[in-house]
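Below you'll find the structure I mean.
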Amino acid sequence: MLSAVDMSERVRSGENCEEILHEIYERIRSSELNCYITLNDKALDEAVQIDRREGGKSGCGKLLGVPVAVKDCISTRGIRTTCASRILNDYVPPFDATVVAALREEGAIIVGKTNMDEFCMGSTTETSYFGPTLNPHDTSRVPGGSSGGSAAAIAAGETIIALGSDTGGSIRCPAAFCGVVGLKPTYGLVSRYGLIAYANSLEQIGPMASSVRDVALLLDVISLKDRRDSTQVKLPPSDARTNFNADSVLGMSGDDAISSLKGLRIGVPAEFVHGISKDVERAFWSAIHALEDEGASYEEMHMDTMKYALAAYYIIAMSEASSNLARYDGLRYGLRLNRDDDWHTTFSRIRGEGFGEEVKRRIILGTFALSAGYYGRYYLKALKVRTLVKREFESAFRKYDVLATPTMPMTPFRLGERIKDPLSLYLVDVNTVPINLAGVPAISIPCALSPLPVGMQLIASHFEEEKLLKVALACENLMNAHFL
Ligand code: GLN
């Protein structure tokens, strides 16, 4: 499959994109994976328009003609956006999220909206109202979640690149389980305008692809500065349109990236490595030793507050969710049931029938954590833990350039294996949620593909995406040479 970098270059220099899009739709039609909830019925027309250079689609655009899949929690004008929930089954947004407008402006073609856990709540894509997505490496296993449709679509050639969102691991977990690359940007780098909120103090939209370079290119496009998101920072230079420029990553050769590993200081927090499965352990340490062979040094270190991170994450995420999801009352938009009951009964029925079990569990737990008498004991305490976690990352980055951990503590497990036991599902997020509490950027890249994919997570300090992507590029080249 072509990379986005190559494809956009070819289309810009006059080659057609329609044929590639046709191939992708053929694959989607014959696929059993269930990567998409809704397809974009205008995509082929858009490709023809680009090929004929109509409607101002001249030979420019960083993603000209490139097919991109968009997670179904990101608003797309005129294309149904369900958040994989019955309650939004018929919702067609009247506006584009800022990231989607940026994609269109750069000439990308939206293939469709990808499957996910309902309202991003899950790590397997099994809580979707539209049924689970299957892992392309082994269809009896989960693809990870919540952006499972996006990751599986890339791995199966049902798109070239994709957008996901990550509140506590939802980009990195499916990237690891499907053997692709996924980056959670620093909190505040990418606009969240048009992202349907789950836990807004934790989440970011981010790029997913089959290579580090494509991830860098997509990040460049979506980090468009936007006044409509007050939590987005505006990085210098002040006249730059985006918060991240991919040129220095795209211009770096694989060999140069590998040479730049000399002297790199890597911290490996022991708390992220203990208790992981044997397969993951083997692949992770082989990758670390390959980096060491190229002149990087690593040290095992400790991050003491990590043992509280998972609990703090779930309290904060559920509390924010209980408040964010209060807007689905069936009166203004979303599911409407044709009943003549009084307001209370209608409201309860719509939410009772519109939300799935996991979403309801989280609304109830979040409401409890915020209620009078418990607020201080749970929510406030979780916020204090969050501050400590953030400080511990800041102090780690005074000593190390990057931290490296396994992304997930295990390889993809079987569909149905954990879904009946919510706590065991929450536990699989142990290595990804601390990053969202701290707000730092992290990327997952494959460090093994068989018998099942394993992801390595690299973490850098706030707004150090450029450094992170360069180290990831070096790792990718080493992994391709040695293990994949
Ligand atoms: N699995 C985590 C959760 O269920 C993370 C999900 C996410 O990042 N959206 O909250």
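Condition first: hydroxyl-bearing (Ser, Thr, Tyr), in contact with a strand residue (DSSP E or B) (Cβ under 7 Å, 6 or more places away or on another chain) and in a loop (DSSP other than H, G, I, E, B). Can you find one or more residues in region 244-255 that meet it? Spell out how you get there, then give the answer.
Within region 244-255, the first condition is being hydroxyl-bearing (Ser, Thr, Tyr), and the residues that meet it are 248, 253.
Remaining after also requiring in contact with a strand residue (DSSP E or B) (Cβ under 7 Å, 6 or more places away or on another chain): none.
The answer is no; no qualifying residue exists.
List the helices (runs of 4 or more DSSP H) that sit entirely inside region 276-358 and contain at least 1 residues that are farther than 30 Å from Leu452 by Cα.
Because the criterion is at least 1 residues that are farther than 30 Å from Leu452 by Cα, the helices (runs of 4 or more DSSP H) in region 276-358 that meet it are 306-324, 343-354.
May I pose another question? Identify the single condition in (1) within 25 Å of Ser128 (Cα to Cα); (2) touching a helix residue (DSSP H, G or I) at 6+ places or on another chain (Cβ under 6 Å); (3) more than 14 Å from the ligand (Cβ to nearest atom); (4) in a helix (DSSP H, G or I) that Thr411 does not satisfy, given that it satisfies every other one.
Thr411 satisfies all of (1) within 25 Å of Ser128 (Cα to Cα); (2) touching a helix residue (DSSP H, G or I) at 6+ places or on another chain (Cβ under 6 Å); (3) more than 14 Å from the ligand (Cβ to nearest atom); (4) in a helix (DSSP H, G or I) except (4).
Something else now. Identify, from the list Asp96, Asp90, the residue that is acidic (Asp, Glu), in contact (Cβ under 8 Å) with a residue 40 or more places away in the chain, assigned to a loop (DSSP other than H, G, I, E, B) and in contact with a strand residue (DSSP E or B) (Cβ under 8 Å, 6 or more places away or on another chain). Don't jump to the end; show me each part of the working.
On the way: Asp90 fails: in contact with a strand residue (DSSP E or B) (Cβ under 8 Å, 6 or more places away or on another chain).
Asp96 is the lone residue from the list that is acidic (Asp, Glu), in contact (Cβ under 8 Å) with a residue 40 or more places away in the chain, assigned to a loop (DSSP other than H, G, I, E, B) and in contact with a strand residue (DSSP E or B) (Cβ under 8 Å, 6 or more places away or on another chain).
Taking region 21-39 on its own, how many of its residues are crowded, with 21+ Cβ neighbours inside 10 Å and more than 26 Å from Arg141 (Cα to Cα)?
The number of residues fulfilling the criteria is 1.
Would you mind stating whether Val402 is within 16 Å of the ligand (Cβ to nearest atom), of a type in the set (Val, Ile, Thr), surrounded by 14 or more Cβ atoms within 10 Å (Cβ to Cβ) and modelled with pLDDT of 95 or more? Working first, answer last.
On the way: within 16 Å of the ligand (Cβ to nearest atom): no; of a type in the set (Val, Ile, Thr): yes; surrounded by 14 or more Cβ atoms within 10 Å (Cβ to Cβ): yes; modelled with pLDDT of 95 or more: yes.
Considered against the rule, which asks whether it is within 16 Å of the ligand (Cβ to nearest atom), of a type in the set (Val, Ile, Thr), surrounded by 14 or more Cβ atoms within 10 Å (Cβ to Cβ) and modelled with pLDDT of 95 or more, Val402 comes out as no.
In region 90-108, what count of residues is obtained for those that are charged (D, E, K, R) and surrounded by 24 or more Cβ atoms within 10 Å (Cβ to Cβ)? Even if it seems obvious, please write down each step before you answer.
Our first condition is that a residue be charged (D, E, K, R); within region 90-108, this holds for 90, 96, 104-106.
Next cut, surrounded by 24 or more Cβ atoms within 10 Å (Cβ to Cβ) only: none.
Within region 90-108, residues that are charged (D, E, K, R) and surrounded by 24 or more Cβ atoms within 10 Å (Cβ to Cβ) number 0.
I would also like to ask the following. Looking at Ala309, Ala369 in this structure, which one is under 30 Å from Glu299 (Cα atoms), surrounded by 12 or more Cβ atoms within 10 Å (Cβ to Cβ) and in contact (Cβ under 8 Å) with a residue 24 or more places away in the chain?
From the options Ala309, Ala369, the qualifying one is Ala309.
Hey, could you check region 114-147 for residues that are hydrophobic (A, V, I, L, M, F, W, C) and over 12 Å from the mean Cα position of the chain (by Cα) and say which is nearest to the ligand (Cβ to nearest atom)? Lay out the reasoning, then the answer.
Narrowing region 114-147 to residues hydrophobic (A, V, I, L, M, F, W, C): 116, 119-121, 130, 134, 142.
The next check asks that each one be over 12 Å from the mean Cα position of the chain (by Cα); those that pass are 119, 121, 130, 134, 142.
On the way: Phe119: 8, Met121: 5, Phe130: 17, Leu134: 18, Val142: 12 Å.
Looking at residues that are hydrophobic (A, V, I, L, M, F, W, C) and over 12 Å from the mean Cα position of the chain (by Cα), I get Met121.
Further question on the same structure: Answer yes or no as to whether Val111 is within 16 Å of the ligand (Cβ to nearest atom), over 13 Å from the mean Cα position of the chain (by Cα) and buried (at least 24 other Cβ atoms within 10 Å of the Cβ).
Values: within 16 Å of the ligand (Cβ to nearest atom): no; over 13 Å from the mean Cα position of the chain (by Cα): yes; buried (at least 24 other Cβ atoms within 10 Å of the Cβ): yes.
No, not satisfied.
Conditions: (1) more than 16 Å from the ligand (Cβ to nearest atom); (2) touching a residue at least 24 places away in the same chain (Cβ under 8 Å). Tyr374 meets all but one. Number of the miss?
(2)
Can you find, within region 385-438, the residue that is nearest to Ala270 (Cα to Cα) among those that are more than 17 Å from the chain's Cα centre (by Cα) and among the polar types (S, T, N, Q)?
Among residues in region 385-438 that are more than 17 Å from the chain's Cα centre (by Cα) and among the polar types (S, T, N, Q), the one nearest to Ala270 (Cα to Cα) is Thr405.
In the list Asn480, Asn431, Asn436, which residue meets the criterion of being part of a loop (DSSP other than H, G, I, E, B) and either more than 16 Å from the ligand (Cβ to nearest atom) or not hydrophobic (A, V, I, L, M, F, W, C) (or both)?
Numbers: Asn480 fails: part of a loop (DSSP other than H, G, I, E, B); Asn436 fails: part of a loop (DSSP other than H, G, I, E, B).
The conditions single out Asn431.
A further question follows. Part of a helix (DSSP H, G or I), loosely packed, with under 12 Cβ neighbours inside 10 Å and more than 16 Å from the ligand (Cβ to nearest atom) - does that describe any residue in region 224-238?
Taking region 224-238 first, the residues part of a helix (DSSP H, G or I) are none.
No, region 224-238 has no match at all.
The values are calculated or read from the model by the stated rules, or taken from the named source; none is laboratory data. Small disclaimer: the values here were computed from a predicted structure and weren't measured. Ideal geometry is used to build each Cβ from the backbone, glycine not excepted, and the neighbour counts take in all protein chains shown.
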